[in-house]
1. Once you list every other residue whose beta carbon is under 14 Å from the beta carbon of P35, what net charge do they have if Lys and Arg are +1 and Asp and Glu are -1?
2. How much length is gained on full extension from S17 to I254, taking 0.36 nm per residue of separation minus their Cα-Cα distance?
3. Send over a whole-number figure in Å² for the accessible area per residue of the chain, probe 1.4 Å.
4. What angle do you read, to the nearest 10 degrees and between 0 and 90, between the alpha-carbon axis of helix 164-173 and the longest principal axis of the chain?
5. Through the Karplus equation 6.51 cos²θ - 1.76 cosθ + 1.60, θ set to phi - 60°, convert the phi angles of the stretch 39-56 into ³J(HN,Hα) values in whole Hz; use x for Gly and Pro.
6. When the Cα atoms of the stretch 115-254 are enclosed in a convex hull and the volume is divided per residue, what value in Å³ results?
7. Quick one: putting +1 on the C-beta of Lys and Arg, -1 on the C-beta of Asp and Glu, what dipole do you get for the chain around its Cα centre, in Debye to the nearest 20?
8. Given the pairs K230/K253; K149/K204; K128/K204; K204/K225; K128/K253; K117/K204, which span a C-alpha to C-alpha distance of over 25 angstrom in this model?
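The values are calculated or read from the model by the stated rules, or taken from the named source; none is laboratory data. All of these numbers come straight from a predicted model, not from anything done at the bench. For neighbour counting, all protein chains shown are included, and Cβ atoms are generated from backbone atoms with ideal geometry for every residue, glycine included. What goes into the accessible areas is simple: the full protein's heavy atoms, side chains included, and nothing from ligands, DNA or RNA. Shrake-Rupley method; radii C 1.70, N 1.55, O 1.52, S 1.80 Å.
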Amino acid sequence: MFLYELIWQQGANLDRSRVVLIPFGSVEQHSLHLPLGTDSIIGEAIARRLEQELPEQVLLLPFTWLGCSRHHMDFAGSLTAEIDTFIEVGEQLVSSMSEHGFRIFILLNSHGGNTNKVSLMAEKLRYKLGPTVKVVAVTYWHLISEEIKSIRETPIGGMGHSGELETSVMLVVRPELVRNDLIDADGPEEPSKFEGRDLFASGKVSVAKPFKEMTRHGGIGDPRKASREKGERILAVIVENLAEVVVEIRSGKI
């Protein structure tokens, strides 16, 4: 069910045991071949597929597309919120729905720059709203760290920003926006073994670096191995695991 398609009387009558799903993305450069809205497009596709899977258990809020993208601001068209602003917006969304009686929330993140911020958001809300409200932060690719091993063709380093994973998913959800003629591998030539190199190799240290310092044209990874077939497999396993998260939250296991 979609919040912004309801009239207020319908909202008043909803079962408060529904999981309120709040998706967070970004608008930022995605190398030469993917659109600025890639993270938000992917995140919304995941959220909508989950809602189709569990229409009686999930209440989907409108997409929050402004993320923390300071590290992309050297590239035209990128938009960013400051960290405090981003966290405050998320807190207000949850607080608003909590005021209406909802008690279970998933903060669904689809942008790397938001990952630690949604976790902090969930922690702050736990102590602000108390133990009767459950807020769980989920970054979608964290759900498939095991399954991705049998799907990917690139080695570690190939599934970063605008790489094999994101390009494959975009070939499913918005193929007309993928510039196949501009697909090219990119990223740091000799990254430190301690730094993150991939969506599935986050690194042992945390360092803030603008993408202009690490890339030629804004990508990290190898999109040349992307395919629609991989994108379908990736989406399916993300939604399957996310649906299981919903069930475990509602049952109290999480």
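1. That sum, taken over residues with Cβ under 14 Å, equals -3.
2. Fully extending the segment from S17 to I254 adds 83.9 nm.
3. 48
4. In the chain, helix 164-173 runs at an angle near 60 degrees to the longest axis.
5. Couplings: 4, 5, 4, 5, x, 5, 4, 5, 4, 5, 5, 5, 4, 5, 6, 10, x, 8 Hz.
6. Cα-based convex hull of the stretch 115-254, divided per residue, equals 140 Å³.
7. 520
8. Those over the limit are K230/K253; K128/K204; K204/K225.
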